[in-house]
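Data first, discussion second: the structure below is written as structure tokens.
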Amino acid sequence: MGILAVIIMESQTVFYELKVNGKTYRVDDVEPRMLLADVLRDVLFLTGTHLGCEHGVCGACTVLLDGLPARSCLMLGIQAQGYEITTVEGLAPDEEHLSVLQDAFWEEHGLQCGFCTSGILTTMSWFLKQNPTPTRAEIREALSGNLCRCTGYQNIVTAVERAAAKMKAAS
Amino acid sequence: MKPPAFAYYAPKRIDDTLRMLHEFVREQNLDVKLLAGGQSLVPLLNMRLAHPEVIVDLNPLEPQLNYIRRDGDMLRIGALTRHYVLRTNPEILQHCPMLADAAGLIGHAAILTRGTIGGSLVHADPAAELPLVFAMLRGMVTLQSAQSSRVIDARDFFLSYLTTRVEPDEILTEVALPIMPARSGQAIEEFSMRHGDFALVAAAAQVTLAADASWQGVRLGLGGVAPTPADCSHLLTPLVGKRPTWDELREALRPIEDEIDPQGDIHASAAYRKELAHTLAYRAIERAIRHTGSAPPEQ
Amino acid sequence: MSIGEAIKRIEDPRLLVGKGQYVADVRVPGMLEACVVRSLYAHAKILGIDSSAAYAIKGVVAVVTASDLPADLQPIPMRLTAAPELVHALQMPLANTIVRYAGEPVAVIVADSRYAAEDAAEQVLVAYEMLPAVTDIRAAMRADAPLLYPVLGSNTIYTLAAKKGDSHQALRQAPYRLTLDFAIQRHAAIPLETRGLVVIPDAQGRIHVYGPTKVVHFNRIVLARLLNCDPALIHFIETDVGGGFGARGEFYPEDFLIPFIARNVGRPVRWIEDRMEHLKATNHSREQRHHLTVGFDDSGRLQGLEDEIWVNTGAYIRTHGATVPEMTQAMLPGPYDWPAFHLVTHVVVTNKTPMGTYRAPGRYEGTFVRERLVEAVAHTLQLDPTVVRDRNFIKSEQMPYTVGTHGLGEDVVFDSGDYSRMLAIAKEHMQWADFPGRKAKAREQGHLRGMGWSFFVEKTGLGPWEEARVGLDTEGTFYCHSGLAALGQGTETLLAQLVSDQLGIKPEQVKLVHGDTDVVPAGNGSFASRGTATGGIAAYIAAEELRRRILMVSERRFEATPLDLQLGPEGPSMVGSPSKRMDWRQVAAYAGKVGVELDVRERYDVPHMTYPYGVHAAEVDIDRDTGRISIERYLIAYDVGRAVNPALVKGQIIGGMVQGLGGALLEELAYDNDGQLLSGTFMDYLLPTSCEAPDIEVIITEDAPSRHNPLGVKGCGEGGTTGVGAALANAVADALDAPPQAFTELPIRPETVRMWIQRLSAQQSLDRP
């Protein structure tokens, strides 16, 4: 195979392309160990994705890969090549408007400090596609992979219910 | 909590991956870790509990190792099949429904979209659902290296806590599970402190009934009570050939607490885990029987 | 918008689209990243530190240890409840010769990335000589216990007391006595965002610090003192904050270290705490033990209480001084008219992470003890626990009521409250009268069902003062500068609502500034549920004066009387004469012309803390075989004096409840005997998820407005947490008909429930039908 003069540790840097919220970015000269969350935040300056634990439990870092939720703290940036990545910055239809889900959170006081909100919005936008008419119990179950320390979850559940009702009415 | 430095490779064909592994492990004696779903490995890296010199990413092999096929009386599942696929695949729902249930219990959606069955088995956490199901059903795995390919039975696969027979230059490529026999029911029960957490204790059961609704076969496995999944089927084999009542079932399970030697930790003592083992084993068998579609025995 | 309306928050749009700016989102060119090297051991001497291998890591710029700090550096001072006895246990920013808890900062690495800094941190070689560690309160008090501060001669470093009447005699004469031990486990605020700082030195010798919050003005002075520089050289700017709950915003070692290092290297330095660090480094709380005796008569009337309390403060005294012990004592008597009590609280040091305040500090613990105790009294007498409470309540006619305790510099004097009415409302709502029937029916079906109560009095509105500056600028924009802080609770909306209410404008028209010490010269910050009742009132009064001036200017302009004028979002106008109007720019210009200053500064002096109150009720179902607790219903009824924005109030109550639930059932900062933190990640430190949190019913009443401020507001940030431990413990005890000794320790794990089920099954009829 011929790659056998391997340089271990120190100086391996890589470059790759990431497609985020419909736009293609080039990531240059980073170490392969750089986590996807850090690439999004510190290289692409998309700081809407937050780091709350860096071990896959809190869900604040959740993004969508080809529409499916994934913890960006548990992936290397280089692994995200080839996917359509959606972050919270990609959920609103345009600069002037919020998505139905975001608007529902605003109406229902579904956030306080906002730190968990990004990961919840990406997760819930996927969830509502899977289950457009969820019960409160189903919402709570789908939400259980995202920790919130401020709201106690109740208004978040109501916001998702509200968004589901609105989407159903519109369809 | 950032990972330590490592060299990273992601070959696109399995033969290249195997050759690379052989070179790194056998020729250069490097510490190599394989990256699949990353849901177990990356936390270890972020916590700096692992310092591999090389990471070989298996994800480019997903097109080759993501499949579910029926092959006679076995289901063959590619090692890179993601957990969320196991949950809804029609072959699995029909022929091994416990696997779909187990996949659902693993954790939250974002874990299920990345985690793989191969990764879960190799990680071998004794409280994890897939190793338990695999052990209880006595499945088999295919391990490939550059030089050989071998098949190992579940009974020989798990060695101890987080340790299996997989060699450092091997990749687990396929999991084979027997399809559920006719007139059978399967169930998995677990108890965790919070929804979606690792189980404190889990019980997986399969009951097969004869035409007269007497027990023809029974399997019972427990997770979280030993360094590897524990096979407790022998406690119930005395009931084979009979139509046991619920009280007889409870009695037969009573010695379970003596069979196992769980560790206590900050979440639960060993004594409580033993009690849970009894309760969950009972509930799993009871539900498995209901899933056979046959009427439950009289009290 | 008017006061009392549940308006949407003005903070939300930017947060919803990922445009919030938290400290970790701040980036400047040339920025370095820091990483703190922390002690591996709970108690050890530091023999030496070898940084040479760390320096060899690519990207490392500096490795700072105690020897690099000024020789005359002082320890971090107390901010609240200081006492001379505690001074010896204050913490230095870096350990010098001794470490006293696992996680104590020992060195700081600065590198071009956090990745490289962590690589270097692994290479710092610290030679330790282990010392015996002590973690348990009882072990720490033994005569042969290892001493954290040998010169103090004991690990009990401070004792407070509160006394009313003659408790000794009262207990002796009481027909009944009950002696019980209680314990609350160590747990903590754990906001979802960890701490962080970005320090940017400029060419003029100033440093600009992003990350401080909660009490920025105080902390700036502390930093200036520790850096030995003029405070004018330090500029704090508050970013968006991911929750505080008491723990974030106090002055920690890093709050000195990062600015010190940035000044020295002359480059911007960012430090973002990671989660594993956070669990070891950011303030712990709650851990205490009680040993008490209560005396009562056969009608449940409480005669006297003697409670000895031990608080495990950890290895050092931090900025809160003795606040948690003092608050425990101050509010322990609660809503009851005790004839006599004697409370003694000991502050005990151990080799654990130091303690600070966490939502309802001292009150979560004290309410758990007192309210479990009251139901234990009721159980002993086979009386209805709500009737026992009502018999002992302070009556509204007795207000203002002097409790006989002291806290945060004031005597505790309840200003207003109708506790009986509150309890009656809650009983009706929970259908308490029907509960015995529901419970019996559940038993018939094999279920264990129980209901528990918890009545609480909270303290809010701490002074001494708060400032607001409200005005209209020449562009026609309204502004409000506040000395409060925003940690996620909706401070901006709250202030905008109060100001806009006075001025007839929309809340979005008010530009808020808080936490920027260059713009806001003074303030006492946001903590202890003080925001609305202090900074809110200051803004309200300032806006009232601004309104007066705007009307005066408009009267002059239109030659009208006040009755003819109205203020709206577009500006002032004359009623009935649409042509007579000004926009706000014109108002500003005209005011300038006639010499009226449309800029009002108000310093509101807070007369006294104020005391909202309420009740929690929990109805639970217990799984016999596993002991799992399922919450079927949960009610919180809270009188907050006046609710400026009911949605914000309800949000605080619900969010508070779920934190309280975590403390009651799930969370524990568990240590082994060597002082190693066992619950060091989120896999083991269990925060409630949406599946553990119930739907909570909330009733907000305004029966007892505060007498201390013109709006009657009392604040509400903590009451949702205060009562949860007791309500759940009482509910579980009721489900099992358990004796007083049961469920006097938190957290209540399924295992403990299961143990009591077995114990009680052996004795009585808890068995399946």
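The values are calculated or read from the model by the stated rules, or taken from the named source; none is laboratory data. Note that the structure is predicted; figures quoted are calculated from it, not measured. Don't worry about glycine lacking a Cβ; one is built from the backbone with ideal geometry, like all the others, and counts go over all protein chains shown. The protein model used for the area step is the full one, side chains on, heavy atoms only, and it has no ligands, DNA or RNA in it. Shrake-Rupley method; radii C 1.70, N 1.55, O 1.52, S 1.80 Å.
For region B:83-167, which fully contained helices (runs of 4 or more DSSP H) count at least 1 residues that are within 14 Å of chain A (Cβ to nearest Cβ)?
Fully inside region B:83-167 and qualifying: B:83-88, B:97-105, B:109-112, B:117-123.
Give the residue, chosen from C:Ile237, C:Ile190, C:Ile207, that is out of contact with any Phe, Trp or Tyr (no Cβ under 8 Å at 6 or more places or on another chain) and modelled with pLDDT of 95 or more.
Answer to the check: C:Ile207.
Wholly within region C:318-426, which helices (runs of 4 or more DSSP H) include no fewer than the required count, namely at least 2 residues that are of a type outside the set (Lys, Arg) and farther than 28 Å from C:Ala735 by Cα?
Of the helices (runs of 4 or more DSSP H) lying wholly inside region C:318-426, those with at least 2 residues that are of a type outside the set (Lys, Arg) and farther than 28 Å from C:Ala735 by Cα span C:323-331.
Condition check: closer than 24 Å to B:Leu121 by Cβ, modelled with pLDDT under 95 and out of contact with any helix residue (DSSP H, G or I) (no Cβ under 7 Å at 6 or more places or on another chain). Does B:Asp197 satisfy that?
When the stated conditions are applied, B:Asp197 passes them.
Residues that are in contact with a strand residue (DSSP E or B) (Cβ under 9 Å, 6 or more places away or on another chain), assigned to a helix (DSSP H, G or I) and touching a residue at least 40 places away in the same chain (Cβ under 8 Å): does region C:194-211 have at least one?
Scanning region C:194-211 turns up no residue that is in contact with a strand residue (DSSP E or B) (Cβ under 9 Å, 6 or more places away or on another chain), assigned to a helix (DSSP H, G or I) and touching a residue at least 40 places away in the same chain (Cβ under 8 Å).
Any residue in region B:235-249 that is open to solvent by less than 10 Å² (accessible area, probe 1.4 Å), within 27 Å of B:Leu93 (Cα to Cα), modelled with pLDDT of 95 or more and part of a loop (DSSP other than H, G, I, E, B)?
Yes: region B:235-249 contains one or more residues that are open to solvent by less than 10 Å² (accessible area, probe 1.4 Å), within 27 Å of B:Leu93 (Cα to Cα), modelled with pLDDT of 95 or more and part of a loop (DSSP other than H, G, I, E, B).
Just to confirm my filter: which strands (runs of 3 or more DSSP E) fall fully inside region C:449-522 and include at least 3 residues that are out of contact with any helix residue (DSSP H, G or I) (no Cβ under 6 Å at 6 or more places or on another chain)?
C:465-472, C:510-514
If you go through region C:434-445 one residue at a time, do you hit one that is within 30 Å of C:Glu365 (Cα to Cα) and in contact with a Lys or Arg (Cβ under 8 Å, 6 or more places away or on another chain)?
Taking every residue of region C:434-445 in turn, at least one turns out to be within 30 Å of C:Glu365 (Cα to Cα) and in contact with a Lys or Arg (Cβ under 8 Å, 6 or more places away or on another chain).
Being touching a Gly at 6+ places or on another chain (Cβ under 9 Å) and either free of Cβ contacts under 8 Å to residues at least 40 places away in the same chain or not in a strand (DSSP E or B) (or both) is true for just one of C:Ala143, C:Ala95, C:Ala102. Which residue is that?
Only one candidate qualifies: C:Ala102.
Checking the structure you have, find out if any residue of region B:144-163 is more than 24 Å from B:Gln206 (Cα to Cα), among the polar types (S, T, N, Q) and touching a Phe, Trp or Tyr at 6+ places or on another chain (Cβ under 7 Å).
Within region B:144-163, none of the residues are more than 24 Å from B:Gln206 (Cα to Cα), among the polar types (S, T, N, Q) and touching a Phe, Trp or Tyr at 6+ places or on another chain (Cβ under 7 Å).
Being in contact with a strand residue (DSSP E or B) (Cβ under 9 Å, 6 or more places away or on another chain), open to solvent by 10 Å² or more (accessible area, probe 1.4 Å) and at the interface with chain C (Cβ under 10 Å from one of its Cβ atoms) narrows it down to one of A:Gly90, A:Gly67, A:Gly114, A:Gly82, so name that one.
A:Gly90
Just for strands (runs of 3 or more DSSP E) wholly inside region B:1-72: which have at least 2 residues that are surrounded by 19 or more Cβ atoms within 10 Å (Cβ to Cβ)?
B:7-9, B:32-35, B:54-57
Looking only at region B:41-78, count every residue that is within 12 Å of chain A (Cβ to nearest Cβ) and either touching a Cys at 6+ places or on another chain (Cβ under 9 Å) or charged (D, E, K, R) (or both) and tell me the total.
Number satisfying all stated conditions: 7.
Do the conditions hold for B:Leu239, that is, is it within 14 Å of chain C (Cβ to nearest Cβ) and more than 20 Å from the chain's Cα centre (by Cα)?
no
Among the residues in region C:142-153, are any of a type in the set (D, E, K, R) and in contact with a Lys or Arg (Cβ under 6 Å, 6 or more places away or on another chain)?
no
Give the number of residues within region A:52-85 that are farther than 22 Å from A:Thr13 by Cβ and within 13 Å of the chain's Cα centre (by Cα).
Result for region A:52-85: 17.
Only residues that are surrounded by fewer than 22 Cβ atoms within 10 Å (Cβ to Cβ), facing another protein chain (nearest Cβ under 9 Å) and aliphatic (A, V, I, L, M): list them for region A:93-111, please.
A:Leu98
Test of understanding: among C:Glu668, C:Glu632, C:Glu602, which residue is out of contact with any Leu (no Cβ under 6 Å at 6 or more places or on another chain), within 11 Å of another protein chain (Cβ to nearest Cβ), open to solvent by 30 Å² or more (accessible area, probe 1.4 Å) and over 24 Å from C:Glu458 (Cβ atoms)?
Residue meeting the stated conditions: C:Glu668.
State all residues of region C:98-115 that are within 14 Å of chain B (Cβ to nearest Cβ) and either of a type in the set (Gly, Ala, Ser) or surrounded by fewer than 24 Cβ atoms within 10 Å (Cβ to Cβ) (or both); if no residue qualifies, say none.
The answer is C:Ala111, C:Asp112, C:Ser113, C:Arg114, C:Tyr115.
Go through region A:129-157 and count every residue that is of a type in the set (Ser, Thr, Tyr), more than 13 Å from chain B (Cβ to nearest Cβ) and open to solvent by less than 10 Å² (accessible area, probe 1.4 Å).
Within region A:129-157, residues that are of a type in the set (Ser, Thr, Tyr), more than 13 Å from chain B (Cβ to nearest Cβ) and open to solvent by less than 10 Å² (accessible area, probe 1.4 Å) number 1.
Which of the following residues is in the same structural domain as C:Val269 (by TED's automatic domain parsing) and part of a loop (DSSP other than H, G, I, E, B): C:Leu47, C:Leu73?
C:Leu73
Over 24 Å from C:Leu40 (Cα atoms) and open to solvent by less than 30 Å² (accessible area, probe 1.4 Å) - does that describe any residue in region C:153-160?
Within region C:153-160, one or more residues are over 24 Å from C:Leu40 (Cα atoms) and open to solvent by less than 30 Å² (accessible area, probe 1.4 Å).
Which one is farthest from the other protein chains (Cβ to nearest Cβ) among residues in region C:15-26 that are free of Cβ contacts under 8 Å to residues at least 12 places away in the same chain and not small (Gly, Ala, Ser)?
Going through the qualifying residues, I end up with C:Lys19.
Which one is farthest from the other protein chains (Cβ to nearest Cβ), of the residues in region C:671-691 that are under 21 Å from C:Gly488 (Cα atoms) and touching a Leu at 6+ places or on another chain (Cβ under 6 Å)?
Step by step, filter region C:671-691, then rank; the result is C:Pro688.
Scan region C:57-65 and tell me whether some residue there is open to solvent by 40 Å² or more (accessible area, probe 1.4 Å) and either under 26 Å from the mean Cα position of the chain (by Cα) or away from every other protein chain (no Cβ under 11 Å) (or both).
Among the residues of region C:57-65, at least one is open to solvent by 40 Å² or more (accessible area, probe 1.4 Å) and either under 26 Å from the mean Cα position of the chain (by Cα) or away from every other protein chain (no Cβ under 11 Å) (or both), which makes the answer yes.
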